[in-house]
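The values are calculated or read from the model by the stated rules, or taken from the named source; none is laboratory data. No experiment lies behind these values; they were computed from the predicted model shown. Note that each Cβ is placed from the backbone with ideal geometry, even for glycine, and that neighbours are counted across all protein chains shown.
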Amino acid sequence: MAFMQRAVMVAVLISIITPMIGNVIVLKRLSTIGDALSHAGLAGVAIGLCFGADPVISAVIMSIAAALIIEFIRRKFEGYAEMATAVTLSFAVGMTAVFSGFVKDAASFNSFLFGSIVAISQTELYVTVILCLVVLAAGILLYRALFFITFDEQGAKAAGIPVGAVNTVFTLMTAVVVAVASRTVGALLISSLMIIPVACSMIVSKSYLGNLIMSVVFALIFTITGLIITALYDVRPGGTIVLTGIAVLIALLPFKKR
């Protein structure tokens, strides 16, 4: 039962921090950044498995590198943020395609593709707890700055907010969250856990703070429901969590006002 307790604890923590990141990403219209960073993390996993390194550490390193590339290109081409994400995604997919061909332990690689939340170790639990505390602290400290930057980056600059520094910190934080969460939910699914709860909360909430709170609530509902279904029917937890979110989003869509 110890492994299930760790799974539930990690699931709850991941469900808290991923929508906090996703709320800013969605409202800034950068929803694809999660895909780019998750694929970069997957490339890091493949590289780590190829060279006998810790795949989680190599995933974090690659995700951070991808985040810095996105921020660099975004600054060079202001107003074309989606191009920076697309370029980085292409780079990450190419790296994954090359190095995955040299991975001998296919099972380990697949566990990062679709997640393996029930196989979480005690060390990974500690890492997730620390990461959750860091994200929560950063979210509180940068709340006002992120609020302004999310809706009006130029206005935030005029107000004296260090937009470049805040964007860099947020992008790096996103990279680490994506890399660590990929171990539990799966690299191919983690961006969904960032986006779908936020999409659901946008239907029922009426403010930035309300959207943030409700996105965390929805993520918790999806995750706990997905784990219960996994325990009952022995299916993959990552995919079950995401499909639960999709089902709720579809159910809520008729209530979305234009």
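Summary of values
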| item | result |
| --- | --- |
| Residue list for region 226-240, restricted to those being surrounded by 17 or more Cβ atoms within 10 Å (Cβ to Cβ) and β-branched (Val, Ile, Thr) | THR230, THR240 |
| Answer residue from region 154-175, given it is of a type outside the set (Ser, Thr, Tyr) and in contact (Cβ under 8 Å) with a residue 24 or more places away in the chain and is nearest to HIS39 (Cα to Cα) among those | ALA175 |
| So SER63, is it buried (at least 23 other Cβ atoms within 10 Å of the Cβ), in contact (Cβ under 8 Å) with a residue 24 or more places away in the chain, within 21 Å of LEU146 (Cβ to Cβ) and polar (S, T, N, Q) | yes |
| Residues satisfying the stated conditions in region 204-258, i.e. over 17 Å from the mean Cα position of the chain (by Cα), under 19 Å from SER15 (Cα atoms) and of a type in the set (Gly, Ala, Ser) | SER205, GLY210, GLY226, ALA231, ALA247 |
| Among (1) within 21 Å of ILE21 (Cα to Cα); (2) surrounded by fewer than 19 Cβ atoms within 10 Å (Cβ to Cβ); (3) of a type in the set (Gly, Ala, Ser) - the single one GLY94 does not satisfy | (1) |
| In region 112-127, the residues that are assigned to a helix (DSSP H, G or I) and either modelled with pLDDT of 75 or more or of a type outside the set (Gly, Ala, Ser) (or both) | PHE112, LEU113, PHE114, ILE117, VAL118, GLN122, THR123, GLU124, LEU125, TYR126, VAL127 |
| Checking ILE130 against (1) surrounded by fewer than 17 Cβ atoms within 10 Å (Cβ to Cβ); (2) not in a helix (DSSP H, G or I), the condition it does not meet | (2) |
